[in-house]
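To start, the structure under review is shown below, and the notes come after it.
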Amino acid sequence: MLPAPATGSQDQNGAARLEPLERFQGSLGQRVYQSLKQAILTLEFRPGDSIRKPEICDRLGVSRSPVADAVARLAADGLVDIVPQAGTFVTRLSMTDIREGAFIREAIEVAAAELVAERITEDQLRDLRRNLRLQEALVADGDRQGFMALDAQFHEMMLSFTGFPRLAQVAQTAWLSVDRARQLILPVEGRLQATLDEHRAILAAFEAHDPAAARAAVQHHLRQLLTYLAPLERAHPELFAAP
């Protein structure tokens with residue numbers, strides 16, 4: 001039996017928790033955007049929730065202008081829908097978008113893994129090993145959000161080792177819909193440990209400088225998402241867009 005998805009920690013007034021702006025970098029508008037985006041990606045704002053600009057302004061202590069700009073950027077990302085005369089709503093999860101994002105990410109990462117396996121340096125291997133040691137500690141603590149941040153860092157490092165500076169950004173853009181969906185499977189019993197083990201298999205392939213093994217390990221790892229999501233879509237249709 002799969003657990004109910006973790007879907008936000010709203011306060012008694014029904015408002016999603018937003019990270020303070022001082023935790024982010026950049027202009028005011030950029031920091032508002034990052035705070036709202038994080039709340040959406042971590043399901044503090046549930047799919048289908050209304051985004052109330054006055055409430056956001058009060059919570060973050062800003063005027064309407066940076067909030068309006070941030071919402072426009074989130075709409076361009078496909079994370080919110082702006083409905084005239086009705087309001088702004090967090091987009092529901094789309095299995096079509098998730099499958100597309102997973103397809104693009106797999107194409108990029110599999111090719112990257114093969115390349116990295118051939119040329120990875122000992123310093124780069126050391127960085128990946130250090131990341132995995134930290135992942136182990138967070139799995140032991142049951143820290144899902146902390147683990148997810150290190151998971152993202154692991155993949156970003158792997159992509160950066162190709163020497164192509166924009167590759168991680170392209171992959172992350174394709175992965176936005178998938179990132180939200182992944183929040184649903186993290187509470188599944190044993191999934192954190194399984195993800196860690198999959199990362200270890202990728203590292204082992206890199207240590208062996210084996211492109212075929214790296215390709216297989218990355219492909220297996222990325223394909224687990226859809227295996228777990230299919231039953232969750234059936235169990236929680238309110239979080240997903242109609243096919």
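Find the residue count for segment 25-43, including only residues that are more than 13 Å from VAL90 (Cα to Cα) and assigned to a helix (DSSP H, G or I). Going through segment 25-43 one residue at a time, the tally reaches 8. Being surrounded by fewer than 18 Cβ atoms within 10 Å (Cβ to Cβ), touching a residue at least 40 places away in the same chain (Cβ under 8 Å) and out of contact with any Ser or Thr (no Cβ under 7 Å at 6 or more places or on another chain) holds for only one residue in ILE104, ILE120, and it is ILE104. Being touching a residue at least 12 places away in the same chain (Cβ under 8 Å), surrounded by 16 or more Cβ atoms within 10 Å (Cβ to Cβ), of a type in the set (A, V, I, L, M, F, W, C) and on the phi > 0 side of the Ramachandran plot is true of LEU43.
One residue alone among ARG126, ARG130, ARG46 is among the basic types (Lys, Arg), part of a helix (DSSP H, G or I) and under 23 Å from the mean Cα position of the chain (by Cα), and that residue is ARG130.
Taking (1) out of contact with any Lys or Arg (no Cβ under 7 Å at 6 or more places or on another chain); (2) modelled with pLDDT under 90 in turn, ALA204 satisfies each apart from (2).
Residue count for segment 36-72 under the criterion of being closer than 19 Å to ALA149 by Cβ and either at pLDDT 95 or above or among the basic types (Lys, Arg) (or both): the result is 2.
Just one of the listed residues (PHE147, PHE161) is surrounded by 13 or more Cβ atoms within 10 Å (Cβ to Cβ), among the aromatic types (Phe, Trp, Tyr) and over 13 Å from the mean Cα position of the chain (by Cα), namely PHE161. Do we have any residue at all in segment 74-86 that's in contact with a Lys or Arg (Cβ under 6 Å, 6 or more places away or on another chain) and of a type outside the set (Val, Ile, Thr)? No; the residues of segment 74-86 include none that is in contact with a Lys or Arg (Cβ under 6 Å, 6 or more places away or on another chain) and of a type outside the set (Val, Ile, Thr). Within segment 46-64, being over 18 Å from VAL90 (Cα atoms) and surrounded by fewer than 17 Cβ atoms within 10 Å (Cβ to Cβ) holds for ASP58, GLY61, SER63, ARG64. Are any of the residues in segment 164-181 at pLDDT 95 or above and either crowded, with 17+ Cβ neighbours inside 10 Å or not small (Gly, Ala, Ser) (or both)? Yes, because at least one residue in segment 164-181 is at pLDDT 95 or above and either crowded, with 17+ Cβ neighbours inside 10 Å or not small (Gly, Ala, Ser) (or both). Does ALA140 fit the bill of being farther than 30 Å from ALA75 by Cα and exposed (fewer than 15 other Cβ atoms within 10 Å of the Cβ)? So ALA140 fits the description; yes.
Taking the conditions exactly as written (in a helix (DSSP H, G or I) and over 30 Å from SER50 (Cα atoms)), does LEU229 satisfy them or not? Judged against the criteria, LEU229 is not a match.
Taking interchain pairs and intrachain pairs at least six residues apart, which have beta carbon atoms under 9 angstrom, with the first residue in segment 63-84 and in the same structural domain as LYS37 (by TED's automatic domain parsing) and in a strand (DSSP E or B) and the second surrounded by fewer than 18 Cβ atoms within 10 Å (Cβ to Cβ) and small (Gly, Ala, Ser)? These pairs meet every condition: ASP81/ALA75; ILE82/ALA72; ILE82/ALA75.
Take segment 85-98 and flag every residue that is surrounded by fewer than 15 Cβ atoms within 10 Å (Cβ to Cβ) and part of a helix (DSSP H, G or I). Matches in segment 85-98: THR96 only. So for segment 182-191 (the condition being touching a residue at least 60 places away in the same chain (Cβ under 8 Å), over 16 Å from LYS37 (Cβ atoms), in the same structural domain as ARG105 (by TED's automatic domain parsing) and charged (D, E, K, R)), does at least one residue qualify? Yes, that holds for at least one residue.
The values are calculated or read from the model by the stated rules, or taken from the named source; none is laboratory data. Note that the structure is predicted; figures quoted are calculated from it, not measured. Neighbour counts run over all protein chains shown; Cβ positions are idealised from the backbone, glycine included.
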